[in-house]
Amino acid sequence: MSATGYNFAYLDPQTKRMLRRALLKAVAIPGYQVPFGSREMPLPYGWGTGGIQVTAAVLGRDDVLKVIDQGSDDTVNAVNIRRFFARTADVATTDRTAEATVIQTRHRIPEAPLAEGQIMVYQVPQPEPMRRLEPREAVTRTLHALADYGFMHVKLYEDIARYGHIATTYDYPVMVNGRYLMSPSPIPKFDNPKLNRSPALQLFGAGREKRVYAVPPYTRVESLDFDDHPFSVQRWDAPCALCGADDSFLDEVVLDDAGGRMFVCSDSEYCTSRQHAGHTGPASNNMASARLGRGPASS
Amino acid sequence: MYVAVKGGETAILNASALLAQARRGDPAVAEIDTAQIAGQLRLGVARVMAEGSLYDEELAALALKQAAGDQVEAIFLLRAYRTTLPRFGYTVPLDTARMAVRRRISATFKELPGGQVLGPTYDYTQRLLDFSLLAEGGAPDAVPGVEPLPDTLPRGTDLLGEEGLIEPELPLPGDPAPTDLSREPLGFPADRATRLQNLARGDEGFLLAMGYSTQRGYSHTHPFAGEIRMGEVALEVVPEELGFAIGIGGITVTECQMVNQFAGSASTPPQFTRGYGLAFGEAERKTMAMALVDRALRCAELGEDAASPAQQAEFVLSHSDNVEAGGFVQHLKLPHYVDFQSELELVRRMRAEAAQPQAAEEQTA
C-alpha cells in the first residue's frame with residue numbers, strides 16, 4: 001500500500017531533522033511557540049498540515065497510529081489522514097486508544113486515559129491564544145516574552161461582566177508550567193483537565209501559521225480562571241444514549257425534524273468499547289444506534 | 001450524520017472516482033493534452049508556475065488539467081509537488097538588463113534607447129469576441145519581419161539614476177543572503193527581500209486589489225510605470241568545483257519597475273523612489289500590482305505613516321498566499337460539531353438564565 005517515489009512518511013530526512021529540532025526546543029520550553037519551516041503538504045492548510053508534519057517527524061516503522069477528528073476515527077478527515085500515513089509510511093493503524101503509540105487528533109482528547117510513552121499530536125489552526133485580541137504577531141511575541149497576559153484576563157473578566165460566564169467553550173486558554181499562555185487547540189474545555197500532568201508527550205503543530213509547541217509529560221497545565229469564577233467543564237443532564245457513560249463528552253445527534261435528540265459519546269472508540277463490555281444506555285438496540293454504526297453487531 | 005456513519009473511506013474513494021469522471025467531461029469530445037495546455041493556455045500556465053513557485057510548463061499544464069482549470073487548485077498541486085524536490089543550490093542573481101526582450105514599454109519616456117516594443121499584448125486589441133476561434137482558426141498570419149533588438153537594453157529607471165533623480169538600488173551592506181521563504185517561516189518585521197519573495201508567490205487577485213487600493217487613496221504613492229519588460233533571461237549557477245558561472249537554461253519573466261514620487265526628508269534630497277515587481281512568465285498585471293504593493297510596504301523605511309491596509313506588512317504578507325487562504329477558508333467545511341456542541345450548551349444555559357428573571361417578574365405581577 002505504500003506510495004512509491006516518496007520518502008518514509010512523505011517528508012525528506014532534512015525536513016524531519018528540522019522539525020525534530022524545533023520539537024526538541026518546544027519540549028525544552030513548555031508552551032512556547034517555536035517557528036519552523038512549515039512545508040506545503042499534499043493536504044490543504046487548515047486541514048491538519050501542522051499535525052501531519054509533526055506526526056511525520058516522530059513516526060517510526062514500529063509505531064501504531066490512531067487518527068481522530070471530533071473524537072471519532074471514522075470522520076472523513078481522520079480517515080483521509082490515516083490513509084495518508086498508511087500509504088506513505090505503511091505503519092500499523094488502530095482505533096484503540098490504548099494500543100496506539102502516536103495519536104493525531106483534531107478537536108478532542110480521547111476519553112481513555114493516556115499512558116507513558118504515548119505521543120499526542122494536536123492539529124492547531126491558530127497557535128496564538130491572544131490572536132483575536134491582538135492581530136500583530138510582533139506584538140504578541142513581545143507579550144509572551146514579558147509574560148504579560150493582562151489582555152486575556154481582561155477578556156475573560158469582560159465575558160463575566162457581560163454574560164455572567166466566561167464565554168469561551170473550546171480552545172480555552174491555559175498556562176503551561178506557570179510560564180507560557182497556550183492555546184490547547186480547539187478542544188472543548190471539557191478536555192482541558194486531561195492536559196494537566198498527562199503521562200503522555202503532547203505535541204502541537206500549526207502548519208499554516210508555521211509554529212510547533214509542546215507539553216512534556218507530567219507538566220502543570222492550568223486553565224485560566226478567577227477565584228470567584230473557578231474553571232468548570234461542560235456537564236450533560238443524561239448519560240450517553242448508547243453506552244450509558246456519564247463521564248464523556250457527548251455529541252447531540254438530531255434524530256428527526258420534530259425535535260428528537262439523542263446524546264452520544266463523541267469518542268466513538270470509547271463508546272464502542274463500553275458497549276462491547278456490556279454497558280448500555282437508554283437508546284441501546286434502537287434504530288439510531290444501528291444508523292450510527294456503533295452497535296456491537298456492526299463493528 | 002455523514003461524519004458519524006462508518007464508511008468514510010468508501011465515500012472518499014467514490015468521490016475521487018466522481019471527480020475523475022467530471023474532469024474528463026464528455027468522452028465523445030477529444031481529451032485535452034498537456035502540450036495543448038502549455039502551448040495554447042500559456043498565461044494560465046504562467047500564473048500556476050508563478051504562484052506555485054515552480055518553473056515547469058509541463059507540470060503546471062498537468063496541474064491545470066488535473067484541476068480542471070481551477071488555477072488555485074492547480075497552484076496547490078504544484079506547491080505540494082515542489083515541496084518534495086531536493087534543493088541543489090541557488091542561481092546567481094538574474095540580470096534582467098540582459099533579457100532577450102519580447103516586450104518592453106515605458107510610460108515615463110516617450111523615446112528611450114532600444115525603443116518601445118509592444119510585443120504580444122492584449123493592450124490594444126479592442127476586446128471583441130473573435131468568433132472565428134469557435135471554429136478551428138488555423139495558423140495565424142505570419143508576423144512581418146521586425147528588426148532584431150539589441151542584446152542588452154538599459155532599464156528605463158537607470159536613465160534617471162544617472163542624474164541621481166531616483167534612489168539607487170544597491171545591495172544591503174555585506175550583501176546578506178535572502179531568506180528562503182519556502183524553507184524558513186515568515187517573521188516580522190520582514191525585510192524587503194523577504195517581502196518581495198512573499199509577493200512574488202502571492203495571489204494575483206489579492207495583490208491586484210491591494211495595489212488598486214493604493215491608487216484610490218489608501219496610501220497614494222504617485223506611481224508611474226517606469227518600465228515593464230518581458231522576455232527570456234539566462235539562469236546561471238556557480239558550481240563549487242568550477243568556481244565560475246555556467247548557464248543552465250533560461251526562463252521567461254516579467255519585470256515591472258514602478259517610479260514613485262517622494263518629497264524627500266531632512267537627510268534625503270527629493271528624488272523618485274521605486275516599487276518592484278517580478279514574476280515567472282507573462283504576468284504584467286501581477287507584476288504591476290506587486291510593484292505598487294512593494295512601494296506601499298516601504299512606508300516605514302521612507303518615513304511615511306502606515307495608515308492604510310496596503311502599508312501594513314503583517315496584514316499584507318500574512319494573507320497573500322492563496323494556498324494558505326484557500327485551505328483555511330475551506331476548512332470550515334470540516335466537521336466542527338464538538339466546538340459547536342460546546343457553544344450550543346453555553347448559549348442554552350445563558351438563554352435559560354436570561355429567561356429566569358422574567359419568569360420571576362411574571363409571578364410577582
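Each value in this text was obtained by applying a stated rule to the coordinates, not by laboratory testing. Please read all numbers here as calculations on a predicted model, not as lab measurements. A quick note on method: Cβ atoms are made from the backbone with ideal geometry, for glycine too, and the neighbour counts reach across all protein chains shown.
Observations
- Extended-chain gain in nm, criterion 0.36 nm per residue less alpha-carbon gap, B:Glu232 and B:Thr84: 50.6 nm
- Two-site label geometry, A:Glu116 and B:Ala97: point separation in nm, points 7 Å out along Cα→Cβ: 6.8
- Legend: calculated FRET efficiency, B:Glu31 to A:Arg20, from the Cβ-Cβ distance at R0 = 51 Å, rounded to 0.05, equals 0.70.
- For region B:134-226, the set of trypsin sites (Lys or Arg not before Pro) satisfying both a DSSP loop assignment and a count of at most 14 other C-beta atoms within 10 Å is given as B:Arg183, B:Arg216.
- Pairs of Cα atoms in chain B fall into 20 Å distance bins, from 0 up to the last occupied one, in shares of 22, 49, 22, 7, 1 percent.
- Applying both filters, DSSP loop and at most 14 other Cβ atoms within 10 Å, to the chymotrypsin sites (Phe, Trp or Tyr not before Pro) of region B:53-96 gives B:Phe88, B:Tyr90.
- Computed [θ] at 222 nm, deg cm²/dmol, the protein assembly as shown (DSSP H ≥ 4; -39,500 (n - 2.57); rounded to nearest 500): -10000 deg cm²/dmol
- Taking the protein assembly as shown as the region of interest, the number of lysine pairs whose Cα atoms are within less than 21 Å, with members eight or more places apart or on different chains, is 8.
- Ordered by the number of other Cβ atoms lying within 10 Å of each residue's own Cβ, fewest first, A:Leu146, B:Leu235, A:Leu181, B:Leu292 fall into the sequence A:Leu146, B:Leu235, A:Leu181, B:Leu292.
- Each Lys and Arg Cβ is given +1 and each Asp and Glu Cβ -1; about its Cα centre, chain A then shows a dipole of about 1120 debye.
- Shielding by partners, peptide A:32-41 (average Cβ within 10 angstrom, other chains): 5
- Each of A:Glu99 and A:Asn196 was given a label point 7 Å from its Cα along the Cα-to-Cβ line. The distance between the two points is 3.3 nm.
- Chain B: angle of helix B:42-52 to the longest principal axis, Cα-based, in degrees nearest 10: 70
- Hydrodynamic radius by Kirkwood, which averages 1/r over all alpha carbon pairs of chain A, in angstrom: 20.2
- Each part gets one Cα centre, and for region B:212-242 versus region B:48-101 those centres are 18 Å apart.
- Site pair A:Arg162 and A:Ala145 shows an inter-label distance of 3.1 nm when each label is modelled 7 Å from Cα along Cα→Cβ.
- Cleavage-rule hits (GluC sites (Glu not before Pro)) in region B:17-60: DSSP loop, at most 12 neighbouring Cβ within 10 angstrom: B:Glu31
- A viscosity of 1.002 mPa s and a temperature of 20 °C, combined with the Kirkwood radius over Cα pairs in Stokes-Einstein, give a translational diffusion coefficient for the protein assembly as shown of 76 µm²/s.
- When the Cα positions of A:Ile68, A:Ile160, B:Pro239 are compared along the charge dipole of the protein assembly as shown, A:Ile68 comes out farthest toward the positive end, with charges on each C-beta of Lys, Arg, Asp and Glu.
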